[in-house]
Amino acid sequence: MRLVTFRHNGRTSFGRLTGDGEAIIDCGPLLGAELPSVRAVLAAGALEQLRAATEGRTGDIKLADAVLLPPVPDPAKILCAGVNYRTHREETSRPEASFPTIFPRYADSQVGHDQPLVRPAETEAFDYEGELAVVIGTGGRRIPAEDAFAHIAGYACYQDGSVRDWQRHTGQWVPGKTFPDTGGFGPALVTADEVPDAVALELVSRVNGEVRQSTRVSDLIFSIPELIAYVSTFTPLAPGDVVVTGTPGGVGLFREPPVFLQPGDVVEVEISGIGTLRNPVIGEA
């Protein structure tokens, strides 16, 4: 299944994309007040209930008529891995690490598919980072790596837009990662049953149609199970939480000369079997 959160005619709801991807089956009226969101469905362990309620139905709303929000717009935690692809570590000249670098993003720092990324007024060093996002379905603490995939609800594309000068103010990266509307998440949450081998996924990032990043998820330094095991040791993971797995080499900061995003640019993150997240870039008004 491909699940989306959307706004239509002033109302926010969630739904399942039809097989052709051109319409949304509105799950709000189908599942009732007890399951009002994707996060609520995951917390209730109700994915199969959602599947049964939507199987064989035609779409209620044309996708083109809806505004897509992040598929999980209200995660309790967004935890991101930094410098977690070998090609990215090489371009940064960082030494090998014994543990993952983890930093948080906040929910208001991200937008949905086709919604604008906002370059903050305080910077001209706004950079792209295409990534694979993992959405937790079954929560837990100290999740063993060998059990990690059983805790995953699904996957989505992620744009970890980075304000590089603010990221480098100190050794703490958070200021460069949490400006409002600088990250993209979507277009849909693709449930894990549709992704039989996440390691084999291919990730490509483009700016204005030009390929800037291209790799397989197998190039991760710390694998998806290792990330889940590590972060769930220091903080409990809950349904709807998002683990963003890192970006490959090719970011704008380390090009010669550096190339940053400008208003009018269009950034895409395409992951095989997951979809393409597209976001235009605007300057902050």
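The values are calculated or read from the model by the stated rules, or taken from the named source; none is laboratory data. Just so it is clear, the structure is predicted and the values come from calculations on it, not from any experiment. Cβ placement follows ideal geometry from the backbone for every residue including glycine, while neighbour counts extend to all protein chains displayed.
Only one residue in Arg119, Arg142, Arg51, Arg105 is over 20 Å from Val195 (Cβ atoms), charged (D, E, K, R) and surrounded by fewer than 22 Cβ atoms within 10 Å (Cβ to Cβ). Which one? Of the residues listed, the single one that is over 20 Å from Val195 (Cβ atoms), charged (D, E, K, R) and surrounded by fewer than 22 Cβ atoms within 10 Å (Cβ to Cβ) is Arg142. Please enumerate the residues belonging to region 122-134 that are crowded, with 24+ Cβ neighbours inside 10 Å and under 10 Å from Val244 (Cβ atoms). Those that are crowded, with 24+ Cβ neighbours inside 10 Å and under 10 Å from Val244 (Cβ atoms): Glu129, Glu131, Ala133, Val134. Evaluate region 63-77: report whether one residue or more is buried (at least 17 other Cβ atoms within 10 Å of the Cβ), over 21 Å from His151 (Cβ atoms), in contact with an Asp or Glu (Cβ under 6 Å, 6 or more places away or on another chain) and at pLDDT 95 or above. Looking for residues that are buried (at least 17 other Cβ atoms within 10 Å of the Cβ), over 21 Å from His151 (Cβ atoms), in contact with an Asp or Glu (Cβ under 6 Å, 6 or more places away or on another chain) and at pLDDT 95 or above, one finds at least one in region 63-77, hence yes. Among the residues making up region 7-34, those that are in a strand (DSSP E or B) and either out of contact with any Phe, Trp or Tyr (no Cβ under 9 Å at 6 or more places or on another chain) or closer than 21 Å to Gly56 by Cβ (or both) are Arg7, His8, Arg11, Ser13, Phe14, Gly15, Arg16, Leu17, Ala23, Ile24, Ile25, Asp26. Restricting the first member to region 53-74 and to residues that are more than 22 Å from Gln110 (Cβ to Cβ), and the second to residues that are modelled with pLDDT under 95 and assigned to a loop (DSSP other than H, G, I, E, B), the beta-carbon pairs closer than 9 Å and six or more apart or on different chains are Gly59/Asp20. Being assigned to a strand (DSSP E or B), touching a helix residue (DSSP H, G or I) at 6+ places or on another chain (Cβ under 6 Å) and of a type in the set (Val, Ile, Thr) is the filter here; which residues of region 55-101 pass it? Residues satisfying the conditions do not exist here. Out of everything in region 260-277 that is touching a residue at least 24 places away in the same chain (Cβ under 8 Å) and part of a loop (DSSP other than H, G, I, E, B), what residue ends up being nearest to Val217 (Cα to Cα)? The extreme case among them is Ser272. Take Asp108 and tell me if it is part of a loop (DSSP other than H, G, I, E, B), closer than 30 Å to Met1 by Cβ and within 15 Å of the chain's Cα centre (by Cα). Criteria not met by Asp108. Just one of the numbered conditions (1) crowded, with 20+ Cβ neighbours inside 10 Å; (2) part of a strand (DSSP E or B) is not true of Leu42: (2). Scanning region 182-198 for residues that are under 16 Å from the mean Cα position of the chain (by Cα) and of a type outside the set (Ser, Thr, Tyr) yields Gly183, Gly184, Phe185, Gly186, Pro187, Ala188, Leu189, Val190, Ala192, Val195, Ala198. Would you mind stating whether Pro280 is touching a residue at least 12 places away in the same chain (Cβ under 8 Å) and within 24 Å of Pro116 (Cβ to Cβ)? It is true that Pro280 is touching a residue at least 12 places away in the same chain (Cβ under 8 Å) and within 24 Å of Pro116 (Cβ to Cβ).
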